[in-house]
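Right, one structure below, let's go through it.
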Amino acid sequence: MVLVDTSVWIDYFNGIASRQTDRLNALLGTGTVLVGDLILTELLQGFARDTQFRRARLLMDEFPCADLAGRVVALQAAENYRILRARGVTVRKTIDVIIATFCILNEHVLLHADKDFTPMRRHIGLQVLDE
């Protein structure tokens with residue numbers, strides 16, 4: 001499965017053409033796209049208009065949605081955060097470490113457009129699509 005990060009969904013809904021949104025377009029309808037609950041929250045809270053919110057929510061309902069955290073992921077994410085910090089990596093958003101850790105533990109690939117995930121690939125083994 002490919003977990004699609006908020007950064008890609010935002011570009012997709014804003015009509016921004018990029019390598020990542022092209023990849024997402026190619027994945028749509030294949031049954032391999034996975035949405036995370038925290039990603040869903042980040043994405044949907046950004047819609048200012050009710051009509052856009054409802055349209056996006058309907059589209060997102062088409063994909064399986066995974067609970068990203070939980071005790072096991074939370075504990076491992078804390079360890080991963082500490083590993084990154086010890087290697088001089090500044091983690092700006094805890095949610096990104098949770099997303100990466102979820103992917104690692106569940107052997108999912110992440111599709112993202114957020115440079116904060118790059119050191120997670122290098123230092124904790126995050127698998128990413130097209131980086």
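The values are calculated or read from the model by the stated rules, or taken from the named source; none is laboratory data. Given the structure is predicted, the values throughout are model-derived calculations rather than measurements. With ideal geometry, Cβ positions are generated from the backbone for all residues, glycine too; neighbour counts draw on all protein chains shown.
A few remarks follow.
- Selection from the range 25-47 of residues that are at pLDDT 95 or above, out of contact with any helix residue (DSSP H, G or I) (no Cβ under 7 Å at 6 or more places or on another chain) and over 17 Å from Leu68 (Cβ atoms): Asn25, Ala26, Leu27, Leu28, Thr30, Gly31, Thr32
- For the range 36-64, the set of residues classified as among the polar types (S, T, N, Q) and closer than 22 Å to Asp114 by Cα consists of Thr41, Gln45, listed by residue number.
- Condition broken by Val91, with the remaining ones in (1) at pLDDT 95 or above; (2) surrounded by 11 or more Cβ atoms within 10 Å (Cβ to Cβ); (3) in a loop (DSSP other than H, G, I, E, B) satisfied: (1)
- In summary, Leu43 fulfils each of the numbered conditions (1) in contact with a Ser or Thr (Cβ under 7 Å, 6 or more places away or on another chain); (2) aliphatic (A, V, I, L, M); (3) farther than 20 Å from Ile99 by Cα with the single exception of condition (3).
- Looking only at the range 61-82, and only at residues there that are touching a helix residue (DSSP H, G or I) at 6+ places or on another chain (Cβ under 6 Å) and in a helix (DSSP H, G or I), the one that is nearest to Ile124 (Cα to Cα): Asn80
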